[in-house]
Amino acid sequence: MFVDIAERKRAEEALRASEERYRTLVSATTSVVWTTDPAGRFVEPQPGWQAYTGQTWDEYRGLGWQEALHADDRERVLAAWKRAVETGEGYESETRLWHAPSGRYRYVAARAAALRDQAGGIREWIGTFSDIDDRKRAEEQFRLAVEAAPNAMVMIDQDGRILLANRELEALFGYEREEVIGQPVELLVPERSRALHPDQRRGFFADPRARTMGAGRELYGRRKDGRQVPVEIGLNPIVTNEGVLCLASIIDITERKRAEQEFRRYTEELKRSNRELAQFAYVASHDLQEPLRAISGCVQLLQQRYRGKLDQRADELIEHAVSGAVRMQTLINDLLAYSRVDSRARPFERCDLGQPLAQALANLQLAIAESGATVTSDDMPVITGDPVQITQLLQNLIGNAIKFRGDQPPRVHVGVDRKGERVLFYVRDNGIGIEPQYFERIFGVFQRLHTRTHYPGTGIGLAICRKIVERHHGRIWVESAGGKGSTFYFTLQAGSAQDEQPGQYRHGG
Ligand code: ADP
C-alpha cells in the first residue's frame, strides 16, 4: 500500500511538472498555440486564436475557425488539413489569416502534430501558428521586382536548382516558367560548357559576392530550341533563412555584338580606304612631279627660244602653258606637303611649344615686317606631339592671320587655355573675317574664298592644319563675326609622352 501511494505521488508530481513545462513553453513562445479534437474541431476556448483573429468562442468553435481564413486560401488549407486528419501525419501550411488588431489578413505559417493515446489512436491535435507576414511581403516584393526587371533573371540554390524565373527569362530562353522551375540551371547552359558549370557554381558559393560571370570569356545561353545566344551574366548572392542563393541576371548581347562587329568592320574599312587615299595622294603628287618637270622645262625652253619669232598667238599660247605648268607644280607640291603630314610623321615627344612658336615667327619674319604686324602670345605650355608639325600648324595659322588682313595693320595673338589633359590654343586676328557658312569648307583641300589675284595661295594650308591637329587627337575650328577678325581654335594633349608610330608607309621623296 505504502509503496503504491508513493509511486502514484511520484507519477502525479511528474505529470504536474510536465504540464507546467508545457504551459511555460506555450506562454513563452511567440507562436500561437492551439488544440483541436481528432477531427480537427475546436472543442475548448483558444485564447491565442481569439486574440489574433478577434473571433468569439461561439464563432470559432467546432469548424467555425475556417471563417477566419482568406477566402482564396480556404480550399487549399482545408484540403491539407483534411489530409492530415485522415492520415494522422503532421500538418504544415501557409495561409492568410484575419488579424483583428491590424484589421487585415496576414500571412501565418501553421503546423500541427497528432497527440496519440496508448492504443495509437489520435487523442487530439496540438498546433501552432506564427506570423510570417513581414517575411512574406518582402518575398512578394522581391518576386515582383524580379518579375519587373528588364533583364532575364533566375534564382538558383547551391545545388543549382532553379527556384525563380521571370518573364524576360521565358522570352530569352523560350521556356515556360513551369518548365524550368526545379530544374538544374545547366538546362540553360550550352552542352559544351555544362560539365564545367557545377564547379563554377561551387566557386561562386564558396565566395559569394556580386560579380559578372566569365570575366572576359564569351558566354552563351542555350535556348529551348537549341539555339545559342551570346549573353552577359551578373551574379548576386541573396542571403535567406535557407542559406545563400544566387540571383543571376542575364542580358542578351546579340544586338550589341552585331553592332560591335559592324563598327569594327566599318572602322577597318575606313582605315584602309584612308590609307589607300593617303598613299594615292602621295604617289600621285610624287610621281607626277617628274613628267611635269619635263613639260615645264620644255615649254620654258620654247618660250626663251621662240618668243617673238612666231606669231603673237603662239607667244600667248606658250605663255599660258608656262604659267599652267608652274601652277600645277605649286598644286602638286601642296598635295605632297599634305600627304607628308602622314608619311613624314615623327613620333610624339614632350615639347615646350615656345620653340615651335619662335621658329614659326622666324619663318614669317618677312611677312611680319612687310605688313607691320604685331604678334603677341601667352606663355606656351609643354605638350605631347610632333614639334615640326606644330611649327607648321602655327606658321600656317599666323601666316593666314597676316595674309587676310583688312585696312588696319595686323594684330595677332596666340592664346593658351589649359583644360586638364587638353590644352586649347587660339590664333586671333583683326583681319577680314569669315562668313559662318564657310567655317567648315575652308578646312577642305584646295578650298579658298578668294581669287589668287586678291590673296595668293592654293587653299591647302588649313587642310594641312586640320590633318596635323587630328593626328594629335585634337580638334580645330574657327569663330568669326564677319569683318571683326577671326579666331582659329585647336586642341592638343598636355601630359606625358605617349609615343605614336609614324605613318604606316614611307616613300623616298
Ligand atoms: P590659302 O591661305 O592658301 O587660301 P588656307 O587653307 O590657309 O588656304 O585657307 C583657306 C581659306 O580660308 C582662305 O582662302 C581664306 O578665304 C580663309 N581664311 C583662312 N584664314 C583666314 C583668316 N585668318 N582670316 C580670314 N579668312 C581666312
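General observations
- Residues that are in contact (Cβ under 8 Å) with a residue 40 or more places away in the chain and surrounded by 14 or more Cβ atoms within 10 Å (Cβ to Cβ), drawn from region 197-230: 201, 204, 205, 221, 222, 223, 224, 229
- Residues of region 80-93 that turn out to be crowded, with 16+ Cβ neighbours inside 10 Å and among the acidic types (Asp, Glu), as a count: 0
- Filtered by the rule that a residue be more than 12 Å from the ligand (Cβ to nearest atom), within 40 Å of the chain's Cα centre (by Cα) and farther than 18 Å from residue 366 by Cβ, region 389-417 gives 389, 390, 414, 415, 416, 417.
- Reported count of residues in region 447-467, each being part of a loop (DSSP other than H, G, I, E, B) and near the ligand (Cβ under 8 Å from one of its atoms), is 10.
- Residue in region 28-47 that is charged (D, E, K, R) and free of Cβ contacts under 8 Å to residues at least 12 places away in the same chain present: yes
- Looking across region 418-446 at every residue that is part of a loop (DSSP other than H, G, I, E, B), β-branched (Val, Ile, Thr) and touching a Leu at 6+ places or on another chain (Cβ under 9 Å), the one that is farthest from the ligand (Cβ to nearest atom) is identified as 445.
- Test: residue in region 264-271 that is within 30 Å of residue 236 (Cα to Cα), in a helix (DSSP H, G or I) and not hydroxyl-bearing (Ser, Thr, Tyr): no
- The helices (runs of 4 or more DSSP H) falling completely within region 98-196 that include 3 or more residues that are exposed (fewer than 13 other Cβ atoms within 10 Å of the Cβ) and at pLDDT below 95 map to 133-148.
- Taking the listed residues 355, 395, 365, the one that is surrounded by fewer than 18 Cβ atoms within 10 Å (Cβ to Cβ) and in contact with a helix residue (DSSP H, G or I) (Cβ under 8 Å, 6 or more places away or on another chain) is 355, with no other qualifying.
- Boolean, residue 337 is within 15 Å of the ligand (Cβ to nearest atom), surrounded by fewer than 22 Cβ atoms within 10 Å (Cβ to Cβ) and either touching a residue at least 40 places away in the same chain (Cβ under 8 Å) or part of a helix (DSSP H, G or I) (or both): yes
- Residue within region 496-507 that is of a type in the set (Phe, Trp, Tyr) and modelled with pLDDT under 85 present: yes
- Hits in region 476-498 (condition: away from the ligand (no atom under 11 Å from the Cβ) and touching a Lys or Arg at 6+ places or on another chain (Cβ under 9 Å)): 476, 489, 490, 491, 492, 493, 494, 495, 496, 497
- Taken together, the criteria exclude residue 68 from residues that are under 35 Å from the mean Cα position of the chain (by Cα) and more than 26 Å from residue 208 (Cα to Cα).
- Scanning region 36-76 for residues that are β-branched (Val, Ile, Thr) and crowded, with 16+ Cβ neighbours inside 10 Å yields 36, 53.
- Subset of region 462-492 [surrounded by fewer than 20 Cβ atoms within 10 Å (Cβ to Cβ) and aliphatic (A, V, I, L, M)]: 481
The values are calculated or read from the model by the stated rules, or taken from the named source; none is laboratory data. All of these numbers come straight from a predicted model, not from anything done at the bench. Please note: Cβ atoms are built from the backbone with ideal geometry, for glycine as well, and neighbour counts cover all protein chains shown.
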